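Nothing in this text is a laboratory measurement; each read-out follows from the coordinates by a stated rule. What you are looking at is a predicted structure, and each value in this text was computed from that prediction instead of being measured. Virtual Cβ from ideal backbone geometry, glycine too; neighbours counted across all protein chains shown.
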Amino acid sequence: MPGRFPTVSADITLTPGSDVSLHLALLTAYSIALVVMGWWMSRQVRGSADFFVAGRRLGAPLLFSTVLAANIGAGTTIGAAGLAYRDGISAWWWNGSAAIGSLGLAFLVGPRIWRIAKAHNLYTVGDYLELRYGRAVRGITAVLIWFGTLSILAGQLIGGAAILSVVADIPRPVGIVASALVMTIYFVAGGLLSSAWVNMVQLCVLLGGFVAALPLVLQRAGGLAALGGGSLPASFTDILHSSGPRSGWTFLLILGPGFIISPGLLQKAYGATSERAVRWGIGWQALAQAAFGLAPALLGMSARVLHPGITDPNAVLPTVLVEQLPAALSALALAAVFSAEVSTCDAILFMLSTSLSQDLYRRFLRPGASDGELVRAARLAAVTGAAGGVLLALRLPTVTAALAIFYSLLGVTLFVPVMGGLFTRRATSVDALCAIAAGGATAVALILLPHPPFWWLDPGICGILAAALAFLASLARPR
């Protein structure tokens, strides 16, 4: 059946020459450094504007690093490598879809919504939705986003646990909790302001680790020629190959819209110093992610040559890094993957905390909340969200399974209302609610009802199409 991994089982353990203590020591020291840096930056947080939008002080370089660090997470590293182990180079589309969606954010949506956020002092996407459509749309989307975002947080935690499991045979539940603790502590301290600066450090470690690891792993696998050799399926070198739903180029339709209107990325754009910073910062990061996407794809293909018996897609990337690299270099590479997971986690906590505190707590429960109360509510929401992500991570099997839930829900809920609100002045709350209802009902129906596994019947794709049709039909009604 298309989409399944090889069924040959293999126990993956560290080779005798591997230094488990070195790996654990580096990951532990790195985690402590992130926490310390986050708490140090928290001294700059003097109010909700600093916590939510970094005081709108993010220039193009800082916006570049914080958006790229948010976009390169467990899905784009561990998940993409697992897909490459199954499908080959077409796994690039996981990262490529994010890059193409980010170009839409940089040049189509970001500058427009930045002007609105600046003029009306908006903090969240919920603020924009209420400004454009009213409080009912804001409340409904905030609840849907909050629950959907827990799934992507779970995906990152699964990735962190996979690293710790391969490195030191740490049980998955313990690895999930440990990953959650690291990112929660430093994000709660300083919100977007601290995470933006921590992300810059994480990005340096991430890119450095992959740049150092890729040539050596490729050499061990026999070079690029071996990846297109007879031991692998012929489709492995076809970038346009797709084995079915959620494979290859179909990710562009499933993931692309989510990166255009992701609340976490839009709120990072809110924090930019200018429209120019939005275009240059997010635009260049899109190109960087497109180039980076080749690394996990090639590493996953190399793992298929070197370790043909892996049955767990979450273990593909950690295994090849531990087994095929010298101890010191594999420790750096694992820190890079862990860095990717944690940097995306703080972006997700950002979405969770701001949505719950600003869109629900301050708007519906306590309208008169002071600035300090709002920041405290955001921090408590982050802790609550982290706990929810841990519980969900214990239930979901793989990184890609967790992320698919998030992107489907995000697309059917937000894509049409946000784009429609930005590009037509006639849209009302009725139009937005029709789109949300139609998109959500269609996606849920396709999830629950059995149907043939065609890519065009994906719940996310059909949900967005249904939402768009409902929005246009409502828009055409007599006013």
Task: Residue (of Ser302, Leu334, Ala369) at the positive-pole extreme of the stretch 289-371, dipole from beta-carbon charges - done: Ala369
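Give, in whole angstrom and from largest to smallest, the semi-axes √(5λ) of the equivalent ellipsoid of the stretch 235-388, with λ running over the eigenvalues of the Cα gyration tensor.
37, 20, 16
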Task: Radius of gyration and maximum dimension Dmax of the stretch 115-161, Cα, Å - done: 14.2, 43
Task: Selection from Ser102, Phe64, Val125 lying farthest towards where the dipole of the stretch 20-399 points positive, charges on Cβ - done: Val125
Open item on the list: Please compute the contact order of the stretch 20-399 in relative form: average sequence separation of alpha-carbon pairs under 8 Å and at least six residues apart, divided by the residue count, as a percent.
Closed with: 40 percent
- [ ] Using 0.36 nm per residue of separation minus the Cα-Cα distance, give me the extension gain between Val36 and Leu394 in nm, one decimal.
- [x] 126.1 nm
